[in-house]
4 protein chains.
Amino acid sequence: MKDLPPGFIWYAHRVSYGETDAMGVVYYGNYMHLFERTRNELMRTTGMSYAEVERRGIFLPVRQADCRYRIPLRYDDLAWIKGGISEWGRASVVFSYEIYNETKDRLHATGSTQHATVDASGRPVPIPTWLREIF
Amino acid sequence: MKDLPPGFIWYAHRVSYGETDAMGVVYYGNYMHLFERTRNELMRTTGMSYAEVERRGIFLPVRQADCRYRIPLRYDDLAWIKGGISEWGRASVVFSYEIYNETKDRLHATGSTQHATVDASGRPVPIPTWLREIF
Amino acid sequence: MKDLPPGFIWYAHRVSYGETDAMGVVYYGNYMHLFERTRNELMRTTGMSYAEVERRGIFLPVRQADCRYRIPLRYDDLAWIKGGISEWGRASVVFSYEIYNETKDRLHATGSTQHATVDASGRPVPIPTWLREIF
Amino acid sequence: MKDLPPGFIWYAHRVSYGETDAMGVVYYGNYMHLFERTRNELMRTTGMSYAEVERRGIFLPVRQADCRYRIPLRYDDLAWIKGGISEWGRASVVFSYEIYNETKDRLHATGSTQHATVDASGRPVPIPTWLREIF
């Protein structure tokens, strides 16, 4: 997948019935779950899952999230989500996401999530070097 | 509400879009959320919320759950859920639920959840007297 | 509630276990459900529920959503959500939301959702006069 | 996978944060989503997805569901779900599920869902031969 920016991945997701709503499309709040699954997978591909990051005492609570909905996803669609880190702050990090159809030629939605880096007590801490280096 | 068994309550719930699925009805897994909201409210009416029970060191993880779906709930329906404790074990308790329409004359679903009583480490403990007495 | 902007309401919501995550706080995607519940209630207070709007052939799919998370909500919290329409477009409308604690003196989160006005076939249509007038 | 009963499959699922609750484990209602994903995948492996079944005019609404929770699933766990059809009625079908850990040697949960076969108007219809034959 040569045209992915460095540090980006593709994540595949099959839409289930439980993610849709009475309009017949994926409920708008469920895109946040897709974003989360994508950044989990992104971290796992670096060799350090988010679960492992937490075990090292660093948490990444979401500070801000947004999504732009262009074309609805429907039940049984196979979606491809391109996700990666688009911005590093001193004590924060931004992930960006683009959701495509099965053949990756139609853009369904875009979004981003901003996360603080905090310790177990919730206090902001500068991004540890080891965290930055894995990406 | 004179015909409620002792220890039972009525809980009202308005169906949102996010609870429905592409069949236009409440997704079957979401009935578990309705059951949970009902037993939360039941405990709150006793004067001791489940949050308070946890602060006293007792947890009530679900061991078994079932639901029978008779008539679908739809978006914007106002549902009334009758809930209460139907059975006490030595270290477990069973809640039962019936979901009705707005006028309480049509039964949409029934269900139950069985809960263990455990301490913070997850070990089963006999139901404390203070817990049993609040109902 | 005299200091609410015209067309705004307060909506109360009790946090359930099913809305929280392993960090012990409301999962970030679930704020979208709170926003939806608030705008449903807003429409209902006008005398015309969203279900009724749909029956008249107008749908309000979400085009954009965002949320800023300031202080986490926890299990059993009673949240008050202030919601209303903050902007009218020609064929779109923006709802804004602020989530407060039980005593309405601590701001937990803010957000907005932008909706298109479309007909049953999904085609954008100008906001009908009757829809605008109910607010 | 030689020891699977005929018509059964293994489905892999990675637990996300959004599926957990404040007890640190997968919320009990979310097991219904896992069951649904498993039966979707089961049908897809037959060569006819549930989406295709619906296009042929047959719907499989859930009539009854139950789950027995033995060992909690946690964030980032990779679960394997064994699922298949365990019973055929005249106008109904029962799927059974067993949820295992990553190495398939620890049973976390078991459950079943009973589905009616109905037409687009919701009327029960005998199971079509073509539906039965694909399994």
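A compact table of results
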read-out	value
Which numbered condition residue C:33 misses (of (1) touching a helix residue (DSSP H, G or I) at 6+ places or on another chain (Cβ under 6 Å); (2) in a strand (DSSP E or B))	(2)
Among (1) over 23 Å from residue A:17 (Cα atoms); (2) more than 7 Å from every other protein chain (Cβ to nearest Cβ) - the single one residue B:74 does not satisfy	(1)
Odd one out for residue B:26 among (1) modelled with pLDDT of 95 or more; (2) within 9 Å of another protein chain (Cβ to nearest Cβ); (3) touching a Pro at 6+ places or on another chain (Cβ under 8 Å)	(2)
Residues located in region C:77-106, provided they are over 14 Å from the mean Cα position of the chain (by Cα), farther than 20 Å from residue A:72 by Cβ and within 14 Å of another protein chain (Cβ to nearest Cβ)	C:77, C:78, C:102
Residue list for region C:69-90, filter: touching a residue at least 60 places away in the same chain (Cβ under 8 Å) and crowded, with 17+ Cβ neighbours inside 10 Å	C:75, C:76, C:77, C:79, C:80, C:81, C:82, C:83, C:84, C:85
Residue B:103, sole failed condition from (1) polar (S, T, N, Q); (2) surrounded by 17 or more Cβ atoms within 10 Å (Cβ to Cβ); (3) under 23 Å from residue C:54 (Cβ atoms)	(2)
Matching residues, region A:11-34, being over 18 Å from residue D:12 (Cβ atoms) and surrounded by fewer than 16 Cβ atoms within 10 Å (Cβ to Cβ)	A:24
Residues satisfying the stated conditions in region C:116-132, i.e. under 24 Å from residue A:24 (Cβ atoms), more than 20 Å from the chain's Cα centre (by Cα) and outside any loop (DSSP other than H, G, I, E, B)	C:124
Long-range neighbours under 6 Å by Cβ, at least six apart or interchain, first residue facing chain C (nearest Cβ under 10 Å) and farther than 15 Å from residue B:95 by Cβ within region B:33-54, second crowded, with 23+ Cβ neighbours inside 10 Å and at pLDDT 95 or above	none
Criterion violated by residue B:119 - all others in (1) closer than 30 Å to residue B:17 by Cα; (2) of a type in the set (Asp, Glu); (3) touching a residue at least 24 places away in the same chain (Cβ under 8 Å) satisfied	(1)
Residue within region B:22-30 that is part of a helix (DSSP H, G or I), within 25 Å of residue A:16 (Cα to Cα) and among the small types (Gly, Ala, Ser) present	yes
Total residues in region D:55-70, condition in contact with a strand residue (DSSP E or B) (Cβ under 9 Å, 6 or more places away or on another chain) and either at positive phi or facing chain B (nearest Cβ under 9 Å) (or both)	11
Of all residues making up region C:51-68, the number that are among the small types (Gly, Ala, Ser) and buried (at least 17 other Cβ atoms within 10 Å of the Cβ)	2
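Yes/no per residue for (1) farther than 24 Å from residue D:18 by Cα; (2) in a strand (DSSP E or B):
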site	(1), (2)
D:57	yes, no
D:64	yes, yes
D:67	no, yes
D:81	no, yes
D:94	yes, yes
D:104	no, no
D:109	no, yes
D:114	yes, yes
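The values are calculated or read from the model by the stated rules, or taken from the named source; none is laboratory data. No experiment lies behind these values; they were computed from the predicted model shown. Positions of Cβ are backbone-derived with ideal geometry, glycine not excepted, and every protein chain shown enters the neighbour counts.
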